[in-house]
Amino acid sequence: MRRLWSAIAAACLAAACASAPDLPSQRERLTRQIADDAVAFNEAYGQAVSAQILLNILRSRDRLPRYYLAMTGISDSPSLSQSQTLGIGSIPLGESGSPWGFGSIEASRSTETRPSYAVQPFSAETLTRTAFEPTAPHIFAHYWRSGWPRDLLLLVMVEAIEKTDGEGRVQVFTNEANTIFADCAGGMEQAETQGCAFVREVRDFMAATEAHPRVAGSNPQGRPLCGVLDVYAPTNPVRAIGPGAGVDCDPVFVIGASTVRLRLRSLDDMVYYVGELMRAGAMVADEGEAIEAQVNVRAAGLRGGGRGVPLFRILPESAANNGIYAAEVEYGGARYAAGPAIGRSCGVATSAGVCRDVADEGDRSSSVLSLIAEILALNQSPDSIRAPSRLIAE
C-alpha cells in the first residue's frame, strides 16, 4: 500500500512539474512579443498617415477634392482564457479491494488579440485649425532651426516672400506651383514666370544667408521688428519685439539693408502645392515613368549643392522596385509609391559611382511626407512641439 501511495504521489508531482511554465522563458517571449507588436504598430501607423498624404497629393494632381481623417492610436488588448483540470481515474485493485486511481493534471491557455483603432473625419473646428489656417510662425521657426533642408522648407511652407530694400521699395514673390517648369533654369522662357521668380528669389535668399555672417541677438537701440528669426550683417541695427495680443508675426529675416518677410501656407495649401507640381511633372513624364516635381532642391549629403534633386517624386508600380517606401497607396486602379529609403550620402557631388547627384540617390520625398505629417499632428496639438523624426545634415 505504501508503494502504491508513493507511486500516485510521484505521478501527480511529475504531471504538475511537466505543466508548470518556464518562467524565464515566458518573460523573454512576452518581452519579444511586446517589442514586435510595438514595431508593427509603429510601422502600420506611419504607413497609414503617409499614405493619406500621398493620396491627397494625387487627388490634388488631378484637381479632385481632398479629405483628411483623424486616426487614433492603435491599441492591442489581448483576451486571455485559461483552464486547469485535475482528475483521478479509478481502477479496481483485486476483487474485494477498494478502487484506487492514478492522478492527471491538464492545463490549457489561449490568447486572442485583435488591434483596435478608429479612423474618422475631423470636426469642423479641428479641420479648420488643422488644415486651412496658415501655419503658425513658431512651427516654421522650429523646423528652420532643427537642421531641416531650408530650401525645402521655403518651397513647401512659404506662400509668398515680401522683400523690402533699404529705400523702402517692396517686392512680392508668389509661390505658384503651376508656373514652375524646367527647374526655372536661367535664360529659358519659363524662367520669367511668377513661380520661377519666387524660386530664383529663394535661391538668392539661401546664397545671401550663407554669404553673410549671422548676428546673434538684437540691438536694443535698433529699429523694432516683430517676428525676427535671423539677422545677417545688417546695415542698420534691429531689435526683436513681441507680437500684440492675438497677433502672430510672420517670420522675418534681415540681410544687409533688406528685410525679408515670409507668408506661410496652410497644411491643405502645402498638399495642393505638391500636387500641382506633380501635375506639371506628369505632363513631361512618359507612361509608367516616375513623376517628378519641376523644381529641384539640394540633394541629401551633397554639401556643394550639386545640381539638386526633384522636390518630390511619385513612382508608379512599374517604376518602383521592391524596396522600402515612406508611403504606398492604391489610386485610380493603379498603385503608387513615394519616399524610397536612402541609405547613403556623399560629401561632394560625383558623376559616377554608387553615390551620385541624381534623383534616386538623394530623393527628398520622404522628407516632404514627414514634414506634412508632423505639421498635421502639431496643428491638432498646438501645445506640443516634438523634435523632428529625422535630422538631415546639410
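The values are calculated or read from the model by the stated rules, or taken from the named source; none is laboratory data. Quick caveat: nothing in here was measured; it's all calculated off a predicted structure. So basically every Cβ, Gly included, is an ideal-geometry build from the backbone, and we count neighbours across all protein chains shown.
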- Of the residues that make up the range 287-301, is at least one farther than 19 Å from Ala182 by Cα and surrounded by 18 or more Cβ atoms within 10 Å (Cβ to Cβ)? yes
- Just one of Ser218, Ser266 is hydroxyl-bearing (Ser, Thr, Tyr), surrounded by 14 or more Cβ atoms within 10 Å (Cβ to Cβ) and under 29 Å from the mean Cα position of the chain (by Cα); which is it? Ser266
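Out of the residues in the range 142-172 meeting the condition of being of a type in the set (A, V, I, L, M, F, W, C) and surrounded by fewer than 16 Cβ atoms within 10 Å (Cβ to Cβ), tell me which one is farthest from Arg298 (Cα to Cα).
Out of the qualifying residues, it is Val170.
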- Message: For the range 126-141, which positions are of a type outside the set (Gly, Ala, Ser) and either buried (at least 19 other Cβ atoms within 10 Å of the Cβ) or part of a helix (DSSP H, G or I) (or both)?
- Response: Thr126, Leu127, Thr128, Arg129, Thr130, Phe132, Thr135, Pro137, His138, Ile139, Phe140
- Tally the residues that are farther than 12 Å from Arg313 by Cβ and at pLDDT 90 or above, restricting the search to the range 333-353. 3
- Task: Would you confirm whether any residue within the range 189-196 is at pLDDT 90 or above and either among the hydrophobic types (A, V, I, L, M, F, W, C) or not in a strand (DSSP E or B) (or both)?
- Result: yes
- Taking the stated definitions as given, is Ala185 surrounded by fewer than 15 Cβ atoms within 10 Å (Cβ to Cβ) and over 15 Å from Val260 (Cα atoms)? yes
- Message: Please determine whether any residue of the range 158-176 is in contact (Cβ under 8 Å) with a residue 40 or more places away in the chain and assigned to a helix (DSSP H, G or I).
- Response: no
- Message: Can you tell me which condition Arg150 does not meet? The list is (1) of a type in the set (D, E, K, R); (2) touching a residue at least 40 places away in the same chain (Cβ under 8 Å); (3) over 15 Å from Asp230 (Cα atoms), and all the others hold.
- Response: (3)
- Task: Could you tell me which residue of the range 142-157 is farthest from the chain's Cα centre (by Cα), considering only residues that are more than 18 Å from Val274 (Cβ to Cβ) and part of a loop (DSSP other than H, G, I, E, B)?
- Result: Arg145
- Being under 16 Å from Asn56 (Cβ atoms) and among the aliphatic types (A, V, I, L, M) is the filter; apply it to the range 354-384 and report the residue that is modelled with the lowest pLDDT. Ala377
- Message: Only one of Val247, Val252, Val297, Val231 is touching a Phe, Trp or Tyr at 6+ places or on another chain (Cβ under 9 Å) and hydrophobic (A, V, I, L, M, F, W, C). Can you tell me which?
- Response: Val231
- Task: Go through (1) more than 30 Å from Asn178 (Cβ to Cβ); (2) at pLDDT 80 or above and name the single condition Ala48 misses.
- Result: (1)
